[in-house]
Amino acid sequence: MLLLLGLSPGLFFGPVAARAQGLEASEHVLEVGKEARSYIVVKPEGVSGPRPVVIALHGAGQSKEGFRDYFGLDAAAKANDFIAVYPQGEGRVWNDGRPAAMRLKAVLRPGDDVPFLVSLAHQLVKEGVADPSRIYLAGISNGGFMVERMACEFPHVFAAYTVIMATAPANYREECKPSRPVPVMFIHGTADTVIAYDGFWTPLGATLSAPDSAALFAGLNGCGAPQERALPDLDKWDGTSVTEQKWSNCRNGSAVRFLTVERGGHQSPARVETASPIGATFLGLRNRDIDAADEAWRFMSAFSLPGGRVAETRNRKPGRKPAAPAQQMPAPSAPSAYAPAAPETGAQPEALSPVDQDGAARTTLW
């Protein structure tokens, strides 16, 4: 069951690490259909919107508070003056794109998460919190699978995506048809015993390996051959190391990045102080050479959406053409349409070109 669900380190927390100073946190509730959905907004002190926003999705069985303490995104937000948002999955799970039986949907009854996440993006823009051209989506484990679903079905809602400790469902080879090239980064440990690095098969469905998941999106983005390098082994005592593959020669300036954590377990790499899981033996080794939240920001912040538009939802099946252009959202205060976002951490920006002139699209859920 653990393998099917993708249970997260949130179930195994020990003492909670001290949260970064200089941040303002507030809890909010958003009505979506018949559901009252909650989320936390964390802003660096003195920062006013609209700003770049990273929406971070927890793993199965995890609370938004527990994920906030574990992931380390607050520190990256403070260092780079962006806003972090932690939504709560209904029943502590996400209705991701794997076959329903693999997620035990009949038992867990996840919420209507697709309209929730799109509505959340709209709400953050409406309130002046988010720059509509620079809303990013990241997630771990079950949350990572949800990120992939949104990248496939709603590529005009978020400018870039980060998937940690999750691989692509095998059915995405036929069903994932984003209407634009989507910048996406993957991080996965080779010794992950919860979401296997090599993928897995069950009578209920299958997932691709982590390398094949990255290659799938590289193919969708029309990328050429990747470049590979070993990253510095900064912590000789963590028992792990990191190798990077990067596809940067992709259509419309998109990119795919894949970080393999050699001997890494079902843990999000971190260099900042975070909550420590008690079940470290079960979860495996946690890499300390890189920080997943920082790497996610460095990768995603280089990209922006055209015209500051966020797609509306109206329900659509994966791969179906959008029906009509969405309403223009409030003009962003920073990058222009499909211009590379200004680098805020010293990273080189990825150039982006227009994908389709309609920009965002009215879409439908299925």
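The values are calculated or read from the model by the stated rules, or taken from the named source; none is laboratory data. Worth saying up front: this structure is predicted, and the values here are computed from it rather than measured. Cβ coordinates were reconstructed from backbone atoms using ideal geometry, including for glycine residues, and neighbour counts include every protein chain displayed.
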Let me spell it out: the conditions are (1) surrounded by fewer than 16 Cβ atoms within 10 Å (Cβ to Cβ); (2) modelled with pLDDT under 95; (3) in contact with a strand residue (DSSP E or B) (Cβ under 8 Å, 6 or more places away or on another chain), and residue 194 meets all of them except one. Which number is the exception? (1)
Could you count how many residues in segment 198-222 are over 18 Å from the mean Cα position of the chain (by Cα), touching a residue at least 60 places away in the same chain (Cβ under 8 Å) and under 25 Å from residue 249 (Cα atoms)? 0
Filter segment 286-326 down to residues that are on the phi > 0 side of the Ramachandran plot and modelled with pLDDT of 50 or more, then give me how many there are. 2
Under 7 Å between Cβ atoms, at least 6 apart or on separate chains: pull out the pairs that start in segment 236-256 with a residue that is more than 17 Å from residue 159 (Cβ to Cβ) and end on any residue that is at pLDDT below 95 and not in a loop (DSSP other than H, G, I, E, B). 238/285; 239/285; 240/285
Hits in segment 187-213 (condition: within 14 Å of residue 169 (Cα to Cα) and in a strand (DSSP E or B)): 200, 201, 202, 205, 206, 207
Wholly inside segment 13-92, strands (runs of 3 or more DSSP E) that include 3 or more residues that are modelled with pLDDT of 95 or more and buried (at least 23 other Cβ atoms within 10 Å of the Cβ) are 51-57, 83-87
Looking only at residues in segment 217-275 that are β-branched (Val, Ile, Thr) and assigned to a loop (DSSP other than H, G, I, E, B), which one is nearest to residue 65 (Cα to Cα)? 274
Among the residues of segment 238-248, are any touching a Gly at 6+ places or on another chain (Cβ under 9 Å), closer than 24 Å to residue 151 by Cβ and among the basic types (Lys, Arg)? no
Matching residues, segment 94-144, being small (Gly, Ala, Ser), more than 17 Å from residue 29 (Cα to Cα) and at pLDDT below 90: 97, 100, 101, 106
